[in-house]
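As structure tokens, the structure follows; a few thoughts come after it.
The values are calculated or read from the model by the stated rules, or taken from the named source; none is laboratory data. Every value quoted in this text rests on a predicted model; they were computed, and no experiment measured them. Quick reminder, even Gly has a Cβ in these numbers, built from the backbone with ideal geometry, and neighbours come from all protein chains shown. We work out accessible area using only protein heavy atoms, side chains counted, and drop any ligands, DNA or RNA first. Shrake-Rupley method; radii C 1.70, N 1.55, O 1.52, S 1.80 Å.
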Amino acid sequence: MTAHYQVHGDIAVITLDNPPVNGLGLSTRLAIADSMTKALADSAVQAIVLTGAGKAFSGGADIKEFGKDVAFREPNLLSIIALLENSTKPVVAALHTVAMGGGLELSLGCNYRIAAPGTSIALPEVKIGLIPGAGGTQRLPRALGVEPALNMIVSGGTVKAEMLAMLPGQKLFDKMAASADSLAEEALAFARSVAAVRPLPRVRDLPCKHPQGDAYFQFARNMVKGMAKHFPAPAKCVDAVEIATKKKFEEGMAAERELFLNLMWTSECRALRHLFLAERAASKIPDVPSDTPQREIKSVAVIGAGTMGGGIAMNFLNAGVPVKLLEAKQEALDRGVATIRKNYESQIKKGKLKADKYEQRMALLSTTLRYDELKEADLVIEAVFEDMGVKETVFKELDCVMKPGAILASNTSTLDLNRIAAFTNRPQDVVGLHFFSPANVMKLLEIVRGEKTGKDVMATVMSVAKKIRKTAVVSGVCDGFIGNRMIEQYARQAGFLLDEGCTPQQVDKAVEKFGFAMGPFRMSDLAGNDISWAIRKRRYQEKPNLKYSKTADLLCEKGRFGQKTGAGWYDYVAGKRDAIPNAEVETLIAEHRKALGITPRKISDEEIVQRLVFSLVNEAAHILEEGIANKASDIDIVYIFGYGFPVHRGGPLRYADELGLFNVVQTMQRFAQNPLDDAAFWQPAPLLQRLVADGKTFGQ
Ligand code: NAI
């Protein structure tokens, strides 16, 4: 049973019990309905308390029913709320820990609400591209006041119950319990105290007005337009709440339903729901069950205090885990620590960090020049120069000193993790933790699973990722892993586009209009053009026949490495990130084009975007087929969290599915006919061809 029914004297208690968060799936809804029937039929029962077992009142919809018809099967949530609202005996909702989405809407159908301090209250539907769909947009403004309710609905943000209880005139909470422990007792006493009250108060009967309605909603609409440019849902939240202030309750409910159903079918909503599920799915590894034993990680060591090492260390300090930082030389150590301090200090200046927190974090950091001082660390992460020889020295040293059972991780972005593991006598303990720069900011973490990496090590590092608030995706071993292997093809295409007639600005603009945070040339300037140059030089050796545009090499020969040198594809003014077009670069591109004998042509934004995005899609299909990625949605997560792919498109593979893989392949075949492009590259990957032949999508 996913809800229990008990009678305490003259009070019936219905307890939702559907772990982990008492999701309101069909079985729970049926159990509530059944309990209500019992309570209303029992003449000894004078009032009803509705609460939740375990770690929530209710987190709302049941994720298992997400996107399925069963979510709407009767009794659906609207019917259950109507049942509570029309009860002839008072119903008191006793909220604790979490009351979100449908859970909060359920409580708004009750006659009274009592909350424990610390309860997280939210209507987060907007985060998956929807508006609340079970009366939230009509009842919350009545209970809480129009402005605070709209703020919550449009942001999807979480607010603690005690904060809301302080709002003047609020009717969301009739009482705050003294503590979570006393909630059950207090709810029973409260239910007894209101048992005889008639008529029963209902949220739907409360007035809902805003004194300057028109001006306020106009203002709200303008704010939302600026902030949510690719997403329709926030503006619909404003519409729905405005209707609550202007129409009768029933009309408002009908309007909410219509807005909700229309949003369900937008591509933005589908993309957000896809990502919501994809993020959860990414944390599951097919052959590593959730009950796999884990190792305890209480302290961490980081080797190398450069660009990456410092940022990696900060992640753990932020999570309250002690870090020991090792460098080869004292100056490098001092420089690394100074950078960490500088980063924290700039967070303080921006008001993002309190001074006492800063001190607490720095107190967790210690430094050393000696490996034997690391030996007690539970996890050591290497972030030294990207050179196999240096990695060999470091891992042999670690193998000698680290205690048995310590996890040895490398942040390498291109080197073979299996070779690194083979430098030790404990390859089962070696794993890749590929952070993205800046490591203290970027959400993505690629967890690289070596041939011999232990399952317990995988389970442990997945938990570690959660602890340091990263979104982790598992990748097999290959050059570039998932993200960088795909971006290499994208960058190749960007080069061909220049040769054929584009300017860097034109390409960047088209891609940014599509929704990417940054176009390929601005991104390369940020990452450092020298990095991809080094990779290309290696490729020229490994694959001499592979076609490349040489423009980027010519740029690097001029020392234009990007933002760090103040000049790359664009010029940069010190301290600013604005990309300023440079005539010299345009001449360089034009002259090279001339030398190749190419007559430039006008290339449409559509072609630019398709060539770049489909190059990601085709490489992703190879990656999936080789088993480097476990599932298509993992690749979408990598691109959303690590490469600024437009969220409203749900990731490259989701986007390809939306376009239809048949269309994608047809377009690739057209690109293959372009003599200035690489026909071999546009040969659709076998997996892609099979999906088209079977009429399937990546999602399937
Ligand atoms: P970096 O050059 O900024 O820092 C490397 C640090 O390691 C230097 O401070 C150096 O003094 C220290 N070091 C070198 N040999 C050492 C040794 N034997 N013992 C102790 N310390 C030693 O390099 P960065 O950018 O931080 O890269 C480090 C690693 O992270 C590389 O494997 C790189 O491929 C990887 N990586 C870099 C990314 C980036 O965007 N920079 C992104 C993801 C991974």
Of every hundred units of 1.4 Å-probe accessible area on the chain, the number belonging to carbon and sulfur atoms, as a percent, is 56 percent
For residue 577 and residue 179, what is the calculated FRET efficiency with R₀ set at 51 Å and r taken between the beta-carbons, to the nearest 0.05?
0.55
Specify whether the C-alpha gyration tensor of the range 15-117 places it in the rounded, prolate or oblate class, a ≥ b ≥ c being the square roots of the eigenvalues: rounded for a/c under 1.5, otherwise prolate if a/b is larger than b/c and oblate if not.
oblate
Karplus (6.51, -1.76, 1.60) ³J(HN,Hα), θ = phi - 60°, over the range 57-66, in Hz, Gly and Pro reported as x
6, 6, x, x, 3, 7, 4, 5, 9, 3
Starting from the Cα gyration tensor of the range 232-272, take the square roots of the eigenvalues, sort them a ≥ b ≥ c, and report rounded, prolate or oblate (rounded when a/c is under 1.5, otherwise prolate if a/b is larger than b/c, else oblate).
oblate
For a label point 7 Å along the Cα-to-beta-carbon line of residue 354, residues of the range 142-163 with backbone N under 20 Å
158-163
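Sort the following peptides by mean Cβ neighbour count (other Cβ atoms within 10 Å, averaged over residues), highest first: 285-293, 381-389, 257-265.
Those peptides, ordered most packed to least, come out 381-389, 257-265, 285-293.
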Cα-centre dipole for the chain with unit charges at Cβ (Lys and Arg positive, Asp and Glu negative), debye to 20:
920 debye
In a shell of Cβ-Cβ distance under 12 Å around residue 561, excluding residue 561 itself, what net charge do Lys and Arg (+1) and Asp and Glu (-1) give?
0
For a quick protection proxy, order the peptides 337-347, 461-471 by their average other-Cβ count within 10 Å, most packed first.
461-471, 337-347
Using alpha carbons only, how many angstrom separate the centre of the range 252-322 from the centre of the range 621-665?
17 Å
Which whole-number value in Å² is the accessible area per residue of the chain, probe 1.4 Å?
44 Å²
Backbone HN-Hα couplings from phi across the range 499-516 [Karplus 6.51/-1.76/1.60, Hz, Gly and Pro as x]
4, 7, x, 7, 9, x, 4, 4, 5, 4, 4, 4, 6, 6, 5, 5, x, 4
If you place +1 on the Cβ of every Lys and Arg and -1 on the Cβ of every Asp and Glu, how big does the dipole about the Cα centre of the range 1-152 come out, in debye to the nearest 20?
160 debye
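Assuming a ≥ b ≥ c are the square roots of the Cα gyration tensor eigenvalues, decide whether the range 561-640 counts as rounded (a/c under 1.5), prolate (otherwise, with a/b larger than b/c) or oblate.
Details: a/c = 2.79, a/b = 1.52, b/c = 1.83.
In terms of gyration-tensor shape, oblate.
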Once phi is turned into θ = phi - 60°, what whole-Hz ³J(HN,Hα) does the Karplus curve with 6.51, -1.76 and 1.60 give for every residue of the range 120-136, x standing for Gly and Pro?
7, 10, 7, 10, x, 3, 4, 5, 10, x, 10, 10, x, x, 10, x, x
Once you have all Cα-Cα distances for the chain, histogram them in 10 Å bins from zero and send the whole-percent values.
3, 13, 20, 22, 20, 14, 7, 2, 0, 0
Counted charge near residue 40, where neighbours are those whose Cβ lies closer than 12 Å (Asp, Glu -1; Lys, Arg +1):
0
Which of the listed residues, 315, 263, 288, is farthest toward the dipole's positive end in the range 258-324, when Lys, Arg count +1 and Asp, Glu count -1 at the beta-carbon?
315
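Return the calculated 222 nm mean residue ellipticity for the chain, to the nearest 500 deg cm²/dmol, obtained by summing -39500 (n - 2.57) across DSSP H runs with n ≥ 4 and dividing by the residue count. Don't skip to the answer; put the middle values down first.
Details: 28 runs with 336 residues, N = 700.
Helices in the chain give a 222 nm mean residue ellipticity of -15000 deg cm²/dmol.
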For the range 176-260: relative contact order, % (alpha-carbon pairs under 8 angstrom, 6 or more apart):
24 percent
What is the dipole size for the range 254-312, taken about its Cα centre, with +1 at each Lys and Arg Cβ and -1 at each Asp and Glu Cβ, in debye to the nearest 20?
100 debye
What fraction of the DSSP beta bridges in the chain is antiparallel, stated in percent and rounded to the nearest 5?
30 percent
